[in-house]
Amino acid sequence: MQGKLTGWDDTIVALATPPGVGAIGIIRLSGNKAINIANDLFPSKDLEQQASHTMHVGVIKDKEAILDEVVISIFKNPRSYTGEDVVEISGHGSPFVLQQIINVCIQQGARLAKPGEFTQRAFLKGKLDLAQAEAVADLIASNTQASQKTALHNIRGGFSSKLKELREQLLKFSALIELELDFSQEDVEFADRKQFYELINELSKLTDQLISSFRLGNVIKNGVSVAIVGKPNAGKSTLLNALLQEDRAIVSDIPGTTRDTIEEIINIDSILFRLIDTAGIRHHTSDIIESMGVEKSLDKMKTADLVLYLFDVEEEIKEIRSLQEELKKRELNFLLVANKTDKQDEAIAKDKFSSVENIVFISAKDHKHLEVLKERMVDKVISGKVQPEDTIVTNARHYHALKEVARSLADIKKGLDDKLAGDLLALDIRRGLHYLGEITGEITNEDQLDYIFSKFCIGK
């Protein structure tokens, strides 16, 4: 698909900085008329005679009217983000003034860019593959250090290099097997089946690693929903306030104070945790509104990535054992948190619950052992730190394509075990290559591209 530019020879314009009042705003032009259009509006200097990657100060005029004093940056093809001639106009950040400049650019022959169209052109010009282009959107949306590192790694081709390795190895054997088909009547084998079998095992291992990384990638990209649940007056709202270091939830000794769920976000070790303080879980209450809150709590517990089940250290050991079994039975990812150690000696509490594994003992009221709780929360959703060189799948489209690649590799392996003919093996190899090509953009269609880039912001 890269390099096919039918219908992409016009010049586009858009505001590249966020809308609203600011110190400066940047308008981006891309296309074969970008420099010509900017030159018609910029009497201070002949931009068509200037070198690439240079900046020029002057005024933008609409006929005789001065619109703004600006700095113009020139990037000539192919040494630009899009691979086309690109001009960036840095003006003062008045939305009115910036819109005037965009309007005169359109009058001179540009058209307003669609969302993601600059990056789409970069893909079509071969400046980026599709996986790298999608990582651009991930970087723009990143709100933690982990998501930033992962997006930058993928923009730089970290993920693409893994896919290239997979694809090149498969292509090599695909060519040999296709060659065998040309000489089918002579019953010759150009592809070493033993070597191919070993390769499929290696590729399957790499593919499985990428697929497994999606769980972590999803956590890095979208954060973790954490339901704080427990009986009324277990200290759930106190814990939420302590973790947030602010009074977000109403705290009271009266059971059932929290009637609805409260959601807040905190950043722990570059992972976003969406904390959900729920109504206390008790199945017998005469308060209709509270009953509705309890139902919402149970729903949040079912859909949460992590459940913090908070209980008073004065609870009976038998009840906590039963609770642990119930949470395991429901197949929930959970942490048992014994609260209110300020009311009872911690050593006594730990001895009391010694037969129940993996309990975190805290005092939400006194902010005691909250750092330990945070560490355990991170450990429950990821293992180890995210490194810049880690290749982590964060995109659901890539994940589903890799699942198909894994199925193709499994079919190839089975075919080798069953000593299938080369033409049947070739079908499975082509299928694996097809799905790898879908990720990087070697195989795609215009509708798919429009959908992917429509999720970008305008100006990028």
_Protection proxy ranking of 398-405, 371-378, 113-120 - average other beta-carbon atoms within 10 Å, highest first_ = 113-120, 398-405, 371-378
_Charge context of SER80, other residues only, Cβ under 15 angstrom, K/R +1, D/E -1_ = +4
*Using the structure shown, list the pairs from LYS149/LYS368; LYS205/LYS302; LYS164/LYS221 with a Cα-Cα distance above 30 Å, or answer none.*
LYS149/LYS368; LYS205/LYS302
*Which of the peptides 95-105, 42-52 is most tightly packed, and how do the rest follow, judged by the mean count of other Cβ atoms within 10 Å per residue?*
95-105, 42-52
*Could you calculate, for the range 12-128, the ratio of the Cα radius of gyration to the Kirkwood radius, expressed as Rg to Rh?*
0.94
*For the residue pair LYS455 and LEU427, what label-to-label distance in nm results when each label sits 7 Å from Cα along the Cα-to-beta-carbon direction?*
3.3 nm
*Calculate the spin-label point distance for ARG330 paired with ASP418, positioning each point 7 Å from the Cα along the beta-carbon direction, and give it in nanometres.*
4.4 nm
*asked:* Taking 0.36 nm per residue of sequence separation and subtracting the Cα-Cα distance, how much length would be gained by fully extending the chain between GLU346 and ASN143, in nm to one decimal?
replied: 69.3 nm
_List the residues, sorted by chain then number, that are 5 or more residues from GLY223 or on another chain and whose placed amide H is less than 5 Å from its amide H._
LEU272
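Only the coordinates and a few stated rules stand behind these numbers; no lab work does. Computed from a predicted structure; not experimentally measured. A quick note on method: Cβ atoms are made from the backbone with ideal geometry, for glycine too, and the neighbour counts reach across all protein chains shown.
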